Amino acid sequence: MLKLLFRRWWVLLIQGILLIILAIFIFNNPINVLAGLSIWVGILVLIAGIAGILGWLSAEKEEKESGSLLWSIVTVLFGIVLLSNLLATMKALTILFGVWLLIGGIHLIRSGLALRRETSSSGLLIIITGVLAVIIALATIFKIGTGAVTISILLGLQVLLIGLALVIFSVAKKMLVGKMKDRFGSRN
């Protein structure tokens, strides 16, 4: 079991390096990333609608509900609309993301103010973070380019951090393998 665990440290290294390269691509191509996400959303909505229709068709007669079929048909049509108008889908995603960020920013401001009332010295950093989130949210909602950059930065940071973690883990794993071989190899 230990042999299998420690044998493939280099796979993690390659995955980490590839994720770091992907993060660089994401940072350098925010509009393309948003377009790709929009296509995926459209495809997923379309597939969900098709799955609903197939589920309705395969159901027993007494289990078929007209509301379920109607919802699935509307979902298919919505998926088609999302895929046929990519710019509108991109704008909708940035608006949804901006609204989510706006709600989070307002929550941070409220939490920071409440904390500041309880402990006079704390909460300022939370308030500042909330104000920045509100500013970024408003820019994201009203300007698709800003939204694309914001989404790409957050997605790129996530991918970059995972890539770096995998590289660090692979190096640690390689060092551990060396120590284990030294320790257990010298006893043989």
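Quick notes on this structure:
- Residues that are of a type outside the set (A, V, I, L, M) and crowded, with 18+ Cβ neighbours inside 10 Å, drawn from the stretch 103-138: GLY105, GLY112, GLY123, GLY130
- Qualifying residues in the stretch 2-23 (those that are modelled with pLDDT of 95 or more and loosely packed, with under 14 Cβ neighbours inside 10 Å) - the one farthest from PHE97 (Cα to Cα): LEU18
- Taking the numbered list (1) surrounded by 13 or more Cβ atoms within 10 Å (Cβ to Cβ); (2) without any contact (Cβ under 8 Å) to a residue 40 or more places away in the chain; (3) touching a helix residue (DSSP H, G or I) at 6+ places or on another chain (Cβ under 8 Å) in turn, LYS173 passes all entries but (2).
- Exactly one residue among ILE168, ILE136, ILE144 is of a type outside the set (Gly, Ala, Ser), modelled with pLDDT under 95 and touching a Lys or Arg at 6+ places or on another chain (Cβ under 7 Å), and that residue is ILE144.
- Of all residues in the stretch 57-75, those being farther than 29 Å from LEU86 by Cα and part of a helix (DSSP H, G or I) number 6.
- As a summary of the residue check, ALA137 satisfies the conditions (1) free of Cβ contacts under 8 Å to residues at least 24 places away in the same chain; (2) over 24 Å from ILE21 (Cβ atoms) except for the one numbered (1).
- Among (1) touching a Leu at 6+ places or on another chain (Cβ under 8 Å); (2) over 13 Å from ALA137 (Cα atoms); (3) of a type in the set (S, T, N, Q), the one test that SER84 misses: (1)
The values are calculated or read from the model by the stated rules, or taken from the named source; none is laboratory data. Just so it is clear, the model here is predicted, and its values are computed rather than measured. Using ideal geometry, Cβ is built from the backbone for each residue, glycine included, and neighbour counts are taken over all protein chains shown.
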